[in-house]
Amino acid sequence: MLTAPFEFRRASTVNEASDLLQQGTEVKLLAGGHSLLPLMKLRLAAPEMVVDISGIPELHGVSVHDGVVTVGAMTRHVEVAQNPVIQAEAPLLSKTAAVIGDVQVRNRGTIGGSLCHADSAADLPAAVLALDAQMVVSGPDGIRKIPASEFFVAPFVTALGAREVLMAVEVPAMPSDAASTYLKRPHPASGYPVIGVACWVGNGGTSVKMAITGIGSTAFRAVEAEAYLTEQGVNASSIGEAARLAAVHAPVEDDVTGYKRQLVNVYVSRALHQTMAGKD
Amino acid sequence: MPQVMGQALKRHEDIRLIRGRGQYTDDMTLPGMVYAKMVRSPYAHAKILSVDTQAAQAMPGVLAVFTGQDTKDELGLIPTAWIPPNSDLKMTPHPALAFDTVRYVGDAVAVVIAETPYQAQDAADQVQVQYQPLEAVVHPREAVEDGRPQVHEEIDHNIAFHWTVGPDLDAVFQQAEVVVRHEFRQQRLIPNAMEPRAALAQYNNATDELTVWVTTQNPHIHRFLLSGILGIPEHKLRVVAIDVGGGFGSKIACYPDEVVASWAARKLHRPVKWTETRQENFLITSHGRDHVQEVELAGTRDGQIQAIRVKAYSNLGAYLSTAGPGVPTILFGLIINGAYNIPHASADVYGVVTNTTPVDAYRGAGRPEATYLIERMVDLYAREIQMDPVAVREKNLVQAEAFPYTNPFGLQYDSGNYQGTLKIALDMLDYPKLREEQAALRKDGKYIGIGWSTYVEMCGLGPSEVAGAVGFQGGLWESATVRVHPTGKVTVFTGASPHGQGEETTFAQIVGQELGIPVDDIEIVHGDTARISMGWGTYGSRTTAVGGGAIHLATQKVIEKAKKIAAHKLEVSESDVVFEDGMFSVSGVPDRQVSFQAVTLDAYLAWSLPEGVEPALEGTAFYDPKNFTYPFGAHVAVVSVDPDTGDIHLMRYIAVDDIGNIINPMIVEGQIHGGLVQGIGQALYEGAEYDAEGQLLTGSLLDYAMPKARFFPRFETAHTVTPSPHNPLGVKGVGETGAIASTPAIVNAVMDALHPFGIRDLPMPLTPEKVWQAIQQNQGGR
């Protein structure tokens, strides 16, 4: 479990990090290190240069402005889980961060690192999709925003440009009447979600958002279920059909036994019931 | 002096271990130390065409790169140390570094020695090996079929041995009212001790001595084997295991890695350290279990079991490991009747080599495979004749009056009251009420199940005469020296080699009790061939039964001599001296007394010793037990199954064990908990998977599900105490009971829950997907 040789640099600004990204054929940014370092130790990744971005002030901090919560990319999972602003304005994000990995992972891992790593079995993609979050990225051409729905391209592939650095995640504040759930089925070995369902219901039941991670090649929105529930209202009788719709339309692969779709059905149903129970 | 035997003293060793002050092999640093990294085969079966080390040799910090060609004439082959009798066992030539053929993924072909571990790894990546891949065999029953590739040229049909025990039972089966047949797959397990393996070898060219620090459960066996392989006589070879972070059987074997590190240290005159990665641990450290068992049980309609027989294909991996052949034969076949008085039994075992990691002992070693077989068969038989599984057990368990009980293979079960533990478990569970609840819940579409396991196991290995008779190439006695220092403090040297089990505490309790001195005055030394004359190590739940027996006898020798000196000092005859609570006193005159410590000082000063008594005070004993010990008990699991997901929820687990006398109940409880978790892990979570090419698919902790604390309810434990007559302490051993008993209890419970779906059996591990799928396929049966 020893890494191949690499050059280590510490960036103090986002621009510096962006500049370093073009200095070699393989440069990797190091945030919390909980995805990158295991790969390097297994020599599955052998970057020429590793750039530590943990000391860049612009990547830190949580704030709320005009109904949008901005979470700095270096915010650690434990902080996302416990930050009072996030808990008040975007509790679904806190709930999701609270069940990532274990205590050690949450103490080191960061929201930006996890999202940019884009593991198809990560927890956070479900939450940022269900929350219609935007990724604020900085690159040679300045700052741009990428919607979560366009960010996850394939397993371990994002819409981030080669020289771009994720600075923050912007999450629209949830409606004051919103109830939300992140329901996860951890794999008995890895702890990653076999399936994770993030959903919230608000605005008197007219807003229903749901995204699913772990079970497909990337996280996805359950748009058919959302549409059905928005039309029918979320109640005991509509939840069953919504879960069935989510299962039928889920982009799962290699599901010979039908177990994956069954899990989508069961977990969507359970997540919605849990959400409605939480509203009381 | 308070009673210390039987007290839940905190573990002496934990003071260093939980503070990070333990000293494991990899913690050792020596001046001039260099690092070894193995180059391993990515193929399960291949011819080695060439090994190009030039690029690696030129890398920074590299001292040497050695291949199998360099070592093959200088090193002996790695042998197995267990040759079951009448089995026609064929050796599997096992070179430390492969030079013509690789036989499993991870087989080492070269080693790089470099100044730093990073340099060694970088250079190992540059060793170019050309392979010609060959077809592989993985499954033990398929490997013996005609036309399959052979793992070793010498071993026809990959059958390394064929071992049978018991008579032909065809007539019994033909006449039986009921015959139940079933095939079980004992899946392969990966031990995963917390500390991966490591070795550090140092050669002293002044004395020509080699010292090897190594993660081992049995340093003297390691010395014995290394001596032969390396060609270094035993008196020039020292093997040391300081702290060892668990083994579960996987640190019994002698591996290529310590052989190569030792050889290189002598070659290069530099201390060489090799440390396994977790990834390597999955690939190269011995695995456990892996049988296919075709089982038949014969009985009457009214629940009397008459015969049990098994034909088993046991996967031994690519090479016969140190204890490998003994596990699926002696430790399995001889006890397939379990705790039941079954008149007829026979076993027929094929030991099969395949292109997989070598298989050796893993917690329970053979006895879990036997216990699973009989406990599952009893349940299947109970279903067949529509009897309650508890009623069948009550009818067939060996009766308390029948001890010592001789089983069909001649094993003599020492002592017990099997019905007694079952009765306690039934009461703890409130069995009749739970059956009623189960029936009511089923009407609501909720499925709970109750699973029993009334087990017995043989451990406390064992009498040396028996070891010889069953082909174990060693003795199984144990040594102890109790050295009393002039101030009355004591150092105990034991040939057992605890590696997490807590005997530094329990052994001190034995000596403290017997000498009447504080346990803090006693140090237990183990795991060093230079400090301990001889010993056979820690495995087979033998440490307290055999090692403890030796310590008891050595302590008695100390007392015997001290008593002579005390009598001399008290000016009375020896027969008038009473020794109690650390004081020697004159019988009937309790105020005429002298302390153990005062007598000790006299022994060392030797100013006035009785006629014929030598100075100093120490006792040494070499103790060979009369027989094995047989812990037993009744375990019961209660589970619920969610038909929507196949999830199994363990609601309750009750373990009522009889392990004979208990020296430290807290340590016993810990051993039981650990064993249960490993046994339940096999039932529900763990299983090594290979693909057809022999690639290990479950090669990391991301894929291989080790049980976590949160998976379990609070275990409910209770004990009965039936001392073993086979050793002076009356102890039976507890290290393996949990792992032996729990696996069938869990599977029996799940199958009980799934009974309404018409599901009779599922292969372990019972993953949710497997359970859900079986329910889908059997919905009609509901």
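Set the bar at 28 Å for Cα to Cα. Now go through B:10/B:489; A:28/A:145; B:236/B:626; A:260/B:708 and name every pair that lies beyond it.
Violating the 28 Å limit, Cα to Cα: B:236/B:626.
Which value, in Å³ per residue, describes the convex hull spanned by the Cα atoms of the protein assembly as shown?
202 Å³
If I model a spin label as a point 7 Å beyond the Cα along the Cα-Cβ vector, how far apart are those points for residue A:66 and residue B:3 in nm?
Distance between label points: 7.9 nm.
Under 10 Å, Cα contacts only: if you run a Gaussian network model on chain A, which one of A:189, A:242, A:222 comes out with the highest mean-square fluctuation?
Of A:189, A:242, A:222, the most mobile in the Gaussian network model is A:189.
In deg cm²/dmol, rounded to 500, what helix-only [θ] at 222 nm does chain B give when every DSSP H run of at least 4 residues adds -39500 (n - 2.57) and the total is split over its residues?
-8000 deg cm²/dmol
Can you run phi through the Karplus equation (6.51, -1.76, 1.60; θ = phi - 60°) for region A:7-20 and list ³J(HN,Hα) in whole Hz, with x for Gly and Pro?
Ordered by residue, 3J(HN,Hα) equals 8, 10, 10, 10, 9, 10, 9, 5, 4, 5, 4, 4, 5, 5 Hz.
Among A:106, B:197, B:19, which comes first, second and so on when ranked by fewest other beta-carbon atoms within 10 Å?
B:19, A:106, B:197
List the residues whose amide H sits under 5 Å from the amide H of residue B:46, counting only those 5 or more places along or on another chain, with H placed 1.01 Å from N in the peptide plane.
B:102, B:134
With the crude spin-label approximation of a point 7 Å out along Cα→Cβ, what separation in nm comes out for residue B:574 versus residue B:530?
Modelled inter-label distance: 3.7 nm.
Between residue B:605 and residue B:695, what is the FRET efficiency for a Förster distance of 56 Å, r being their Cβ-Cβ separation, to the nearest 0.05?
Computed FRET efficiency for residue B:605 and residue B:695: 0.20.
Counting other Cβ atoms within 10 Å, keep those with at most 14, restrict to DSSP loop, and tell me which trypsin sites (Lys or Arg not before Pro) in region B:518-587 are left.
Sparse-neighbourhood loop trypsin sites (Lys or Arg not before Pro): B:531.
With loop defined by DSSP as not H, G, I, E or B, and exposure as at most 12 other Cβ atoms within 10 Å, which is the longest segment of chain A clear of exposed GluC sites (Glu not before Pro)?
Answer - A:27-252.
Write down the Kirkwood hydrodynamic radius of region A:60-172, to one decimal in angstroms, obtained as one divided by the mean of 1/r over all alpha carbon pairs.
That comes to 13.8 Å for region A:60-172.
Restricting the calculation to Cα positions, tell me the Rg (one decimal) and the Dmax (whole number) of region B:463-575 in Å.
15.7, 54
Under unit Cβ charges (Lys, Arg +1; Asp, Glu -1), what dipole magnitude, rounded to 20 debye, does chain B have relative to its Cα centre?
With Lys and Arg at +1 and Asp and Glu at -1, about 680 debye.
Compute the normalised compactness of chain A: alpha-carbon radius of gyration over 2.2 N^0.38 Å, N being the residue count.
1.00
Taking loop as defined by DSSP and a crowding limit of 14 other beta carbons within 10 Å, which GluC sites (Glu not before Pro) in region B:159-247 fit?
Listed in order of number, the matching sites are B:177.
Let me spell out the model: positive unit charges on the Cβ of Lys and Arg, negative unit charges on the Cβ of Asp and Glu, origin at the Cα centre of region A:120-177. What dipole size does that give, in debye rounded to 20?
220 debye
Starting from the alpha-carbon convex hull of region A:7-52, give the projected area averaged over all orientations, in nm².
Over all viewing directions, region A:7-52 projects a mean Cα-hull area of 3.0 nm².
Using DSSP to define loop residues, name the trypsin sites (Lys or Arg not before Pro) in region A:1-66 whose beta-carbon has at most 15 other beta-carbon atoms within 10 Å.
Answer in residue order: A:43.
With the crude spin-label approximation of a point 7 Å out along Cα→Cβ, what separation in nm comes out for residue A:207 versus residue B:164?
In this crude label model, residue A:207 to residue B:164 measures out at 7.7 nm.
Shape verdict for region B:346-389, please, from the Cα gyration tensor: rounded (a/c under 1.5), prolate (a/b greater than b/c) or oblate.
Because a/c hits 1.5 or more and a/b exceeds b/c, region B:346-389 counts as prolate.
Tell me, B:52, B:208 in order of fewest to most beta-carbon neighbours within 10 Å?
The order, fewest Cβ neighbours first, is B:208, B:52.
Please list, in chain and number order, the residues 5+ apart from residue B:339 or on another chain whose amide H is under 5 Å from its amide H, with Hs placed from the backbone.
Result for residue B:339 returns B:456.
Over chain B, what is the relative contact order in whole percent, taking alpha-carbon pairs under 8 Å and six or more residues apart?
Reported as a whole number, the value is 15 percent.
Taking the 0 to 90 degree range and rounding to the nearest ten, how far is the long axis of helix A:236-249 tilted relative to the main principal axis of chain A, both from C-alpha atoms?
Taking Cα atoms only, the helix is inclined about 50 degrees.
Suppose R0 equals 35 Å; then what is the FRET efficiency for residue B:384 and residue B:465 from their Cβ-Cβ distance, rounded to the nearest 0.05?
Once rounded, the FRET efficiency stands at 0.25.
Find the eigenvalues of the gyration tensor of the Cα atoms of chain B, then list the square roots of 5 times those eigenvalues as equivalent ellipsoid semi-axes, largest first, in whole angstrom.
Calculated on Cα positions only, the semi-axes equal 42, 39, 23 Å.
By the gyration tensor of its Cα atoms, with a ≥ b ≥ c the square roots of the eigenvalues, what is the shape of region B:1-111: rounded for a/c under 1.5, prolate for a/b over b/c, or oblate?
oblate
Could you tell me whether region A:179-279 comes out rounded, prolate or oblate from its Cα gyration tensor? Rule is a ≥ b ≥ c as square roots of the eigenvalues, rounded for a/c under 1.5, then prolate if a/b exceeds b/c, otherwise oblate.
Judged from the Cα gyration tensor, region A:179-279 comes out prolate (a/c at least 1.5, a/b above b/c).
Tell me the mean residue ellipticity at 222 nm calculated for chain A from its helices only (DSSP H runs of n ≥ 4, each -39500 (n - 2.57), averaged over every residue, nearest 500).
-10000 deg cm²/dmol
For B:457, B:394, what ranking results if the residue with the fewest other Cβ atoms within 10 Å of its Cβ goes first?
Least crowded to most crowded, the residues run B:394, B:457.
For residue B:710 and residue B:589, FRET efficiency with R0 = 60 Å and r from the beta-carbon atoms, rounded to 0.05?
Once rounded, the FRET efficiency stands at 0.45.
Using each residue's phi in region A:215-229, evaluate 6.51 cos²θ - 1.76 cosθ + 1.60 at θ = phi - 60° and report the 3J(HN,Hα) Karplus result to the nearest Hz, with x for Gly and Pro.
Result, ordered by residue: 9, x, 6, 9, 5, 8, 7, 8, 5, 5, 5, 4, 4, 4, 6 Hz.
Compute the longest continuous run of chain B that contains no exposed chymotrypsin sites (Phe, Trp or Tyr not before Pro); treat a site as exposed when its DSSP state is not H, G, I, E or B and it has at most 16 other Cβ atoms within 10 Å.
That would be B:1-408.
Expressed in nm to one decimal, what extension gain is obtained for the pair residue B:491 and residue B:15 from 0.36 nm per residue of sequence separation less their Cα-Cα distance?
169.5 nm
Need the C-alpha centroid separation for region B:157-195 versus region B:688-742, integer Å.
21 Å
Going by amide H atoms built from the backbone, whose H comes under 5 Å of the H on residue B:63, apart from near neighbours?
B:113, B:114, B:115
Whole-Hz Karplus ³J(HN,Hα) for region B:334-341, in order, using 6.51 cos²θ - 1.76 cosθ + 1.60 and θ = phi - 60°, x for Gly and Pro?
6, 10, 6, 7, x, 8, 10, 7
Taking all pairs of different Cα atoms in region B:132-180, averaging 1/r and flipping that mean, what Kirkwood radius in angstroms comes out?
Evaluated on region B:132-180, it is 13.9 Å.
Bear in mind these aren't lab numbers, they're just calculated from the coordinates by the rules spelled out. Computed from a prediction, not measured in an experiment: that's the story for all the values here. No Cβ is skipped: glycine too gets one built from the backbone with ideal geometry, and neighbour counts run over all protein chains shown.
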